[in-house]
Amino acid sequence: MSKKLFIKTWGCQMNVYDSARMADVLAPLGYTPSDEPDGADMVILNTCHIREKAAEKVFSELGRLRHMKDEKARQGDRMVLAVAGCVAQAEGEEIVARAPFVDIVFGPQTYHTLPEMVAKAHRAAGAVLNTDFPAESKFDHLPEDSGGQGVSAFLAVQEGCDKFCTFCVVPYTRGAEFSRPAFQVLAEAKRMIANGTREINLLGQNVNAYHGEAADGSTWSLARLIRELAEIDGLARIRYTTSHPRDLQDDLIRAHAEVPQLMPYLHLPVQAGSDRILAAMNRKHTADHYRAIVDKLRTANPDLALSGDFIVGFPGESDADFAETLRLVNDVTYAQAYSFKYSPRPGTPASTEARQVPEEVKSERLAALQQLLDAQQAAFNAGFVGRTVPVLFDRPGKRPGQLMGRSPHMQSVYVQASERLVGTIADVRIEAAYANSLAGTVETGVYVSRTGHSAGVSA
Ligand code: SAH
Ligand code: SF4
Ligand code: F3S
């Protein structure tokens with residue numbers, strides 16, 4: 001009998017990946033993914049703890065779900081309610097205390113045991129809490145990837161972080177840095193490609209720190225892994241995220257010059273432009289070190305577009321420090337970026353710093369930074385109008401007859417075209433640029449189909 005499973009995901013791409021794997025783990029128990037929580041037999045909230053608001057959203061969502069769970073109980077049925085992810089890891093006990101109607105609370109490293117946890121929840125009263133960091137990796141126990149992610153898919157290769165930036169919860173919620181064996185990654189990639197995946201985005205909290213064991217016992221770097229993946233027939237595009245500037249080695253920079261499948265887009269967070277603040281953040285690099293890496297990358301591949309993360313209002317950040325962030329952004333020029341107000345996180349060193357920056361100052365700085373980043377992004381996108389770019393179509397758009405895909409530089413591209421182009425790469429002539437996307441027309445001509453054969457196309 002099919003049971004309805006609803007998973008709501010917050011946070012980073014690793015959480016998106018984890019949610020897909022949770023569905024894989026629950027599939028043999030008869031759970032089928034559903035798009036809404038109404039009437040679901042199981043609801044999982046896969047949570048993020050990175051900033052304050054992220055955790056608050058979980059508790060308000062739980063309030064709503066409680067009513068649905070009660071409604072289901074009135075009908076003599078049961079909704080199993082679970083909280084997963086980084087809030088669960090950091091605040092498991094608090095969730096159990098504040099929301100006693102929650103059945104299961106588990107962290108990012110234990111979801112392979114979901115079948116046991118569900119069985120326990122059905123047997124016993126009270127919440128099942130599992131926030132261990134097991135000695136054995138969950139990846140050795142997960143079922144094969146179902147290939148359900150589609151044309152563009154995530155593949156976790158590395159997890160956890162040993163960097164301990166003073167603002168960040170990730171080392172506490174995800175645990176120590178761990179690289180999956182390279183042979184495991186290659187086998188999973190091959191299965192995904194056989195199931196129709198054309199683009200793989202290699203994931204890790206510090207993905208470029210990857211050092212995985214190969215079949216012959218040697219250790220592969222991320223660059224080596226990318227080169228081996230590029231040898232697999234049918235894989236058109238490779239990306240990786242997120243990288244730390246400290247671990248960006250020369251062999252990875254060379255891969256950007258030499259591996260055609262490696263897309264010319266890199267998310268390389270810097271956080272701030274002032275060396276004083278970077279040191280207080282324990283980032284282990286200076287602003288000039290970052291500039292030098294960017295120069296090397298652009299020498300290797302002049303077409304490379306950069307994306308970044310920024311935090312404004314870190315404790316002790318002065319106007320002069322913030323001006324250094326703006327200067328760095330002006331020097332580097334980003335195609336796209338994420339920026340945040342510093343949010344004090346419980347248990348992190350920076351949260352107890354005396355010189356917290358007032359909220360108004362954070363807001364002003366964020367507005368100034370975002371204005372600059374938005375202008376850079378708009379200019380980057382505008383530069384594509386009139387150009388032809390290869391687009392990998394991965395889904396239908398919102399409007400009828402519309403298709404959506406990604407450019408090599410990660411821009412969303414909209415066209416009017418037949419749905420049979422999903423899964424293919426076609427040349428698109430860009431006619432308009434917007435803040436977050438491009439629009440164009442598929443050029444009639446030769447395109448590479450899902451099977452790798454060339455064929456004519458008329459959109
Ligand atoms: N290396 C990680 C970073 C995860 S956190 C990765 O794989 O993505 C993503 C971003 O959130 C960070 O780069 C940082 O800019 C931001 N961030 C983390 N902790 C924060 C905090 N306490 N306040 C505001 N922003 C934060
Ligand atoms: Fe957090 Fe820093 Fe690790 Fe990124 S490198 S996950 S920001 S501690
Ligand atoms: Fe959030 Fe955890 Fe990812 S805190 S950003 S879901 S690693």
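The values are calculated or read from the model by the stated rules, or taken from the named source; none is laboratory data. All values derive from a computational prediction rather than experimental measurement. When we count neighbours, we look across all protein chains shown, and the Cβ atoms used for this are built from the backbone with ideal geometry, even at glycine. The accessibility values were calculated without ligands, DNA or RNA, using every heavy atom of the protein model including side chains. Shrake-Rupley method; radii C 1.70, N 1.55, O 1.52, S 1.80 Å.
Listed values, structure above:
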{"item": "Segment 237-254 residues that are over 15 Å from Gly308 (Cα atoms) and part of a helix (DSSP H, G or I), paired with ones that are basic (Lys, Arg) and modelled with pLDDT of 95 or more (beta carbon under 7 Å, 6 or more apart)", "result": "Ile253/Lys296"}
{"item": "Residue satisfying condition, being open to solvent by less than 10 Å² (accessible area, probe 1.4 Å) and either of a type in the set (Gly, Ala, Ser) or more than 16 Å from ligand 1 (Cβ to nearest atom) (or both), within set Ala54, Ala73, Ala97, Ala88", "result": "Ala88"}
{"item": "Yes/no for Asp103 being among the acidic types (Asp, Glu), out of contact with any strand residue (DSSP E or B) (no Cβ under 7 Å at 6 or more places or on another chain) and either within 16 Å of ligand 3 (Cβ to nearest atom) or open to solvent by less than 30 Å² (accessible area, probe 1.4 Å) (or both)", "result": "no"}
{"item": "Residue selected from segment 347-374 under the condition of a type in the set (Gly, Ala, Ser) and in contact with a helix residue (DSSP H, G or I) (Cβ under 8 Å, 6 or more places away or on another chain), by the criterion farthest from Arg51 (Cα to Cα)", "result": "Ala368"}
{"item": "Hits in segment 317-343 (condition: surrounded by 20 or more Cβ atoms within 10 Å (Cβ to Cβ), hydroxyl-bearing (Ser, Thr, Tyr) and more than 19 Å from Gln377 (Cβ to Cβ))", "result": "Tyr342"}
{"item": "Test result for Asp216, touching a residue at least 12 places away in the same chain (Cβ under 8 Å) and surrounded by fewer than 20 Cβ atoms within 10 Å (Cβ to Cβ)", "result": "no"}
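Residue by residue, here is whether (1) within 11 Å of ligand 2 (Cβ to nearest atom); (2) in the same structural domain as Gly423 (by TED's automatic domain parsing); (3) at pLDDT below 95; (4) open to solvent by 10 Å² or more (accessible area, probe 1.4 Å) holds:
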{"position": "Glu159", "(1), (2), (3), (4)": "yes, no, no, no"}
{"position": "Cys165", "(1), (2), (3), (4)": "yes, no, no, yes"}
{"position": "Val170", "(1), (2), (3), (4)": "yes, no, no, yes"}
{"position": "Ser179", "(1), (2), (3), (4)": "no, no, no, yes"}
{"position": "Ala182", "(1), (2), (3), (4)": "no, no, no, no"}
{"position": "Val185", "(1), (2), (3), (4)": "no, no, no, no"}
{"position": "Asn195", "(1), (2), (3), (4)": "no, no, yes, yes"}
{"position": "Arg198", "(1), (2), (3), (4)": "no, no, no, yes"}
{"position": "Leu202", "(1), (2), (3), (4)": "no, no, no, no"}
